[in-house]
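The block underneath contains the structure these notes are about, expressed in structure tokens.
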Amino acid sequence: MELSVAQWLLVVCLVAFPLLYEWSVSFKYFCKMAFYNGWILTLAILAIPICAVRGRNVENMKVLQFMLLHIKYLYGIKIEVRGWENFNIKEPYVVVSNHQSSLDLLGMMEILPSRCVPIAKRELMYAGTAGLACWLAGVIFINRKKTDDAISVMTEAAETMLKEDVRVWVFPEGTRNHSGSLLPFKRGAFHLAVKAQVPVIPVVMSSYKDFYCKKERKFTTGKCTVRILPGVHTKGLSSDDVPELADRVRGMMLEAFSQMSSERPGKGPGGVH
Ligand SMILES: CCCCC/C=C\C/C=C\CCCCCCCC(=O)SCCNC(=O)CCNC(=O)[C@H](O)C(C)(C)COP(=O)(O)OP(=O)(O)OC[C@H]1O[C@@H](n2cnc3c(N)ncnc32)[C@H](O)[C@@H]1OP(=O)(O)O
Ligand SMILES: CCCCCCCC/C=C\CCCCCCCC(=O)OC[C@@H](O)COP(=O)(O)O
């Protein structure tokens, strides 16, 4: 039996793909990232009609959360959560967390409180099906290039939080940061909490360095610890107190982040061995 050129090409691809996948760390990284984004875009196709029944509604975030929770198993990422009790607050609050990569979505979905929506850059709204799913789930989009616009969206969010009993999740670094520390914090999240007079709850995700590194094109299986820290109250604070509040919360998060980094496998006593 003779094979056509197309059939030969298919055979070569079928043989080459698994070999390349196993031999090349970079190829594996690109495949895993491409599948991550592609799978989310595909899941969004399923989520859109379900969410559309309610229209734009924060309750739709539960649908996205439910549909995204399995991804950690596909990628062999174990997520350990500490400090659940710090979410036991009935009133609205602002969650602030570090932002290493788009993989943060996994840690976020693991602990996302009910009626909690993230603040995201406006560009995400145009990310095809994922953007539409985010819009339907009430994600708050801000234009980072127009500070005044972003501030007015966040001011409106402070009113919505109280009127509609909504919690908000902000990445105060304002961009992804995989440097092994925390960038200086933008102050929007803290103005938001002070305006609404609600607590700030810091969340720290441990470094992904052991299993993920964009620079080295490394993406293996691994473990991430997510720590929910005690809430910081803002009752009685005014906008003058925002810089001190932001510094204090960043200090708490940096301390937790450093502590968790020293607990990494093989990194000294008390670590996970
Ligand atoms: C099943 C299928 C699923 C498919 C869907 C897939 C996924 C789904 C689900 C959910 C996923 C969503 C995940 C989204 C993650 C996205 C993460 C991001 O996009 S991170 C980037 C965007 N976020 C941020 O930028 C937040 C942090 N930024 C800020 O808070 C900023 O402060 C700012 C408001 C944007 C303004 O920033 P800018 O750089 O322009 O300036 P400054 O921060 O220096 O502030 C200038 C000045 O203004 C004062 N300020 C800031 N905010 C306020 C305010 N609200 N009120 C009053 N004043 C404010 C600030 O204090 C500065 O003044 P001063 O220097 O005097 O202190
Ligand atoms: C038809 C259009 C097709 C568009 C394809 C877009 C591909 C995107 C696919 C899936 C979306 C995955 C959703 C992941 C959500 C995580 C968002 C994220 O982490 O955004 C980064 C943002 O916080 C900061 O951005 P920068 O670090 O400043 O940059």
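Which residues, taken from the range 40-55, are within 14 Å of ligand 2 (Cβ to nearest atom) and open to solvent by less than 80 Å² (accessible area, probe 1.4 Å)?
Residues satisfying the conditions are I40, L41, T42, L43, A44, A47, I48.
So is P92 within 23 Å of K186 (Cβ to Cβ), away from ligand 1 (no atom under 14 Å from the Cβ) and outside any helix (DSSP H, G or I) or not? Steps first, answer last, please.
On the way: within 23 Å of K186 (Cβ to Cβ): yes; away from ligand 1 (no atom under 14 Å from the Cβ): yes; outside any helix (DSSP H, G or I): yes.
So P92 passes the test.
From the list G236, G251, pick out the single residue that is farther than 14 Å from P172 by Cβ and either without any contact (Cβ under 8 Å) to a residue 60 or more places away in the chain or surrounded by fewer than 14 Cβ atoms within 10 Å (Cβ to Cβ) (or both).
Unique residue meeting the criteria: G236.
This table checks each residue for (1) closer than 25 Å to F30 by Cβ; (2) in a strand (DSSP E or B).
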{"position": "L124", "(1), (2)": "yes, no"}
{"position": "A130", "(1), (2)": "yes, no"}
{"position": "G138", "(1), (2)": "no, no"}
{"position": "R144", "(1), (2)": "no, no"}
{"position": "H178", "(1), (2)": "yes, no"}
{"position": "P184", "(1), (2)": "no, no"}
{"position": "I201", "(1), (2)": "no, yes"}
{"position": "E216", "(1), (2)": "yes, no"}
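Give the residue that is farthest from the chain's Cα centre (by Cα), with candidates limited to residues of the range 201-246 that are farther than 20 Å from M108 by Cα and of a type in the set (A, V, I, L, M, F, W, C).
L237
I'd like the residue in the range 170-195 that is β-branched (V, I, T) and out of contact with any strand residue (DSSP E or B) (no Cβ under 6 Å at 6 or more places or on another chain) and, out of all such residues, is nearest to V249 (Cα to Cα).
Applying the filter and picking the extreme gives V194.
Looking at the structure I just gave you, is M161 within 14 Å of ligand 2 (Cβ to nearest atom), open to solvent by less than 40 Å² (accessible area, probe 1.4 Å) and in a helix (DSSP H, G or I)?
Against the criterion (within 14 Å of ligand 2 (Cβ to nearest atom), open to solvent by less than 40 Å² (accessible area, probe 1.4 Å) and in a helix (DSSP H, G or I)), M161 does not qualify.
Report the residue count in the range 130-139 for those that are open to solvent by less than 30 Å² (accessible area, probe 1.4 Å) and within 13 Å of ligand 2 (Cβ to nearest atom).
6
Here is a check on your reading of the model: is F171 crowded, with 19+ Cβ neighbours inside 10 Å, within 14 Å of ligand 2 (Cβ to nearest atom) and at pLDDT 95 or above? Even if it seems obvious, please write down each step before you answer.
Values: crowded, with 19+ Cβ neighbours inside 10 Å: yes; within 14 Å of ligand 2 (Cβ to nearest atom): yes; at pLDDT 95 or above: yes.
Here the answer is yes, as F171 does meet what is asked.
The values are calculated or read from the model by the stated rules, or taken from the named source; none is laboratory data. Keep in mind it's a predicted model, so treat the numbers as computed, not measured. Reconstructed Cβ throughout: ideal geometry from the backbone, glycine too, with neighbour counts over all protein chains shown. Side chains are part of the model used for accessible areas, which takes the heavy atoms of the whole protein and leaves out ligands, DNA and RNA. Shrake-Rupley method; radii C 1.70, N 1.55, O 1.52, S 1.80 Å.
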